[in-house]
Ligand code: C2G
């Protein structure tokens, strides 16, 4: 049983998120997602459109996701990797190099981001459309 772990806010779930989760699952047999809590997001300077419970329910409905755990701090990754016996830690490559320190615990892989889509872009596009009507 090869276990994969990844982290994120996963707000306004979109194609880029799905592609990341799909490729992450393909690296093993079991995918754990550390989902940023609303409090942690405040620390990231992010305010999600959907609250944690809704973002969690949406992730749990995705066939590639096996377990969703709360991400409450930057430091918890080491503990999570041990607790959940993760063999692989995956993030999109906008984080390239940021988590190489975890490579003593597990494989660290950065996957290419999906171009042309982001939660920020969705919000900006909707705002622009909204101004025309
Ligand atoms: N992602 C992607 N392509 C996009 C947008 C996002 O591959 N077009 C990936 C990101 O690289 C990340 C995951 O989808 O691996 C979730 O993205 P976010 O919800 O934006 O996560 P982020 O805010 O980067 O939080 O401790 C790590 C943080 O929680 C990561």
Exercise. Can you tell me which residue in region 101-120 is farthest from residue 6 (Cα to Cα), limited to those that are part of a helix (DSSP H, G or I), under 17 Å from the mean Cα position of the chain (by Cα) and more than 7 Å from the ligand (Cβ to nearest atom)?
Worked result: 120
Problem set entry | So residue 100, is it farther than 28 Å from residue 124 by Cβ, crowded, with 17+ Cβ neighbours inside 10 Å and out of contact with any helix residue (DSSP H, G or I) (no Cβ under 8 Å at 6 or more places or on another chain) | no
For this session: Output yes when any residue across region 7-23 is farther than 23 Å from residue 116 by Cβ and more than 9 Å from the ligand (Cβ to nearest atom), and no when none is.
Result: no
For this session: Test each condition in (1) within 11 Å of the ligand (Cβ to nearest atom); (2) at pLDDT below 95 for residue 47 and report the one that comes out false.
Result: (1)
Seminar exercise, completed: Among residues of region 85-96 being surrounded by 16 or more Cβ atoms within 10 Å (Cβ to Cβ) and within 16 Å of residue 28 (Cα to Cα), the residue farthest from the ligand (Cβ to nearest atom) is 87
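The values are calculated or read from the model by the stated rules, or taken from the named source; none is laboratory data. Because the structure is predicted, anything quoted here is derived from the model rather than measured. Note that we place each Cβ from the backbone using ideal geometry, even for glycine, and neighbour counts take in every protein chain shown.
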